[in-house]
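Step one of this worksheet: look at the structure below.
Values in this text are rule-based calculations from the coordinates and carry no lab data. Here the structure is a predicted model, which is why all the values come from computation and not from measurement. Positions of Cβ are backbone-derived with ideal geometry, glycine not excepted, and every protein chain shown enters the neighbour counts.
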Amino acid sequence: MSQKLQKISLIVIIVLLFLFLPLTGYSFYLNSQSNQVTKEKENVDKEFLFDGKLWFYNEKNELLGTYTCEHTYCDYGSSYENDSSYAIDSYVPEEQLYLPMVNDRYVFLKDTEEKDSHEVFLFDIKNNLSFKTNSYASVKNYQIGLKNNLFIVESKEHFGVLELNDLPVLKLSSTYDFIGIPKSQLEDDALLTDYFITLKNNEWMIIEQNEAKLTSGIEEEIVTFTGEHIITQDVNKNYHIKDYQNTNVLTEDFVNLHFVDRYLACTTKDEFYIYDLTRKEIISKIHTIETSDVIKTEVNEKNEIVIHINDVITEKIVI
């Protein structure tokens, strides 16, 4: 090779080194920065809200999936109970709890700019699907939970009952003005879901999951029920006891009624007594009371109904 060619080759090599060495260095820089970002975004502490996402884990702390938040308030949805607007004797939770994850797959999420909004949507963690087009104005499980993974859902001012198992299924159509379950249906730390109190077209009913009607339409609000009898409240706040055909079992207006086992605790303006619905007779003394008296009843371990008036035991009735 001539000296001239050697000189030209040297110049080319120098130029190429001048061009590629900075690029190689920049490439190393970008790679290190990329690794640093990846490391920073790794959810080492398994936080629920991290890096603009909600992270879902099972009981073994295994990652099930994530949801990317779009708004300021992004979290699990909470149960919203509207029962206080009615006479129903509902379970009252001790604290506000989030709606649970179901079968390591379904969650109700809130993602909004409105802090006090009750609106939620269903998210399928397994398939990374958001059902935002079918969002719910509220979801209710009384914070203690309903049996069989059921939830009372509100959409477009009407209520239905949604079941979450393999697939979301409406067990009660979203056509009711109210759906509720009384606390008398509490069993093993969850509410039974065989029967529901409903309001539709100004009529109250007790219905089954298949929407079969167990009662005729009732104008008075339903407070609670047993297998044979219903306690109702009229517009004047008077209580009545009815059968499933909407016939009054007792004709009096009561200040309060509640079931004690299979018996009925009856409070009038100035009297209190226990009534046997089967034998159709009063089985206790008739206690004279005042409006301010606090009356409590319980069934003890000896199978006795114990009556407390102002924290004093006034009678025990063997049943």
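Things worth noting here:
- Since only N128, Q143, S85 are under comparison, the one whose Cα sits farthest along the positive direction of the charge dipole of the stretch 77-145, derived from C-beta charges on Lys, Arg, Asp and Glu, is N128.
- Among (1) 0.94; (2) 1.64; (3) 1.32, the entry derived from the coordinates for Cα Rg over 2.2 N^0.38 Å: (2)
- Amide H partners (placed H, <5 Å) of S78, local residues excluded: L99
- With 30 Å as the limit on Cα-Cα distance, the pairs of K126/K213; K115/K296; K41/K126; K213/K237; K126/K183 that go past it are K126/K213; K115/K296; K126/K183.
- Karplus 3J(HN,Hα) series, Hz, for the stretch 287-298 with 6.51 cos²θ - 1.76 cosθ + 1.60 (x for Gly, Pro): 8, 7, 10, 10, 4, 7, 5, 9, 10, 10, 10, 7
- Net charge dipole, the chain: roughly 2080 debye, given to the nearest 20, about the Cα centre with Cβ charges of +1 for Lys and Arg and -1 for Asp and Glu.
- At an R0 of 45 angstrom, the distance between the Cβ atoms of D51 and E94 translates into a FRET efficiency of 0.85.
- Most mobile of E187, E95, E228 in a GNM of the chain (Cα contacts under 10 Å): E95
- Near T232, once Lys and Arg are set to +1 and Asp and Glu to -1 for all other residues with Cβ below 10 Å from its Cβ, the sum equals -3.
- Fluctuation leader among H71, H158, H258 - the chain, Gaussian network, Cα springs under 10 angstrom: H71
- Centre separation in Å (Cα based) which lies between the stretch 225-281 and the stretch 300-317: 20 Å
- For the stretch 306-319, 3J(HN,Hα) per residue [Karplus equation, 6.51 cos²θ - 1.76 cosθ + 1.60, θ = phi - 60°, Hz, x = Gly/Pro]: 9, 9, 10, 10, 6, 6, 10, 6, 9, 6, 10, 10, 6, 10
- Cysteines without a disulfide-compatible neighbour (Cβ-Cβ under 4.7 Å), the chain: C266
- Proximal lysines to K280, defined as alpha-carbon separation beneath 20 angstrom and excluding residues fewer than eight positions away on the same chain: K242, K316
- Rel. contact order, % - alpha carbon contacts under 8 angstrom, at least six apart, the stretch 131-288: 10 percent
- Taking the number of Cβ atoms within 10 Å of each Cβ as an exposure proxy, the fewest-first ranking of M205, M101 is M101, M205.
- Amide H partners (placed H, <5 Å) of G65, local residues excluded: F56
- GNM flexibility winner over the chain from G65, G227, G77 (Cα, springs under 10 Å): G227
- With respect to the chain, whose longest principal axis is taken over its alpha-carbon atoms, helix 3-41 is tilted by about 10°.
- Förster-model FRET efficiency, 30 Å R0, K237 and N134, C-beta, rounded to 0.05: 0.20
- Neighbour-count order for Y273, Y239, Y73, fewest beta carbons within 10 angstrom listed first: Y73, Y273, Y239
- Going from the residue with the fewest nearby Cβ atoms within 10 Å to the one with the most, V44, V169 rank V44, V169.
- From phi via Karplus (6.51, -1.76, 1.60), per-residue ³J(HN,Hα) for the stretch 103-118 in Hz, x at Gly/Pro: 6, 6, 9, 9, 9, 9, 10, 10, 9, 8, 8, 9, 4, 8, 5, 9
- For L146, residues with placed amide H under 5 Å, excluding near neighbours: L191
- Relative contact order for the chain, counting Cα pairs under 8 Å that sit 6 or more residues apart, in percent: 7 percent
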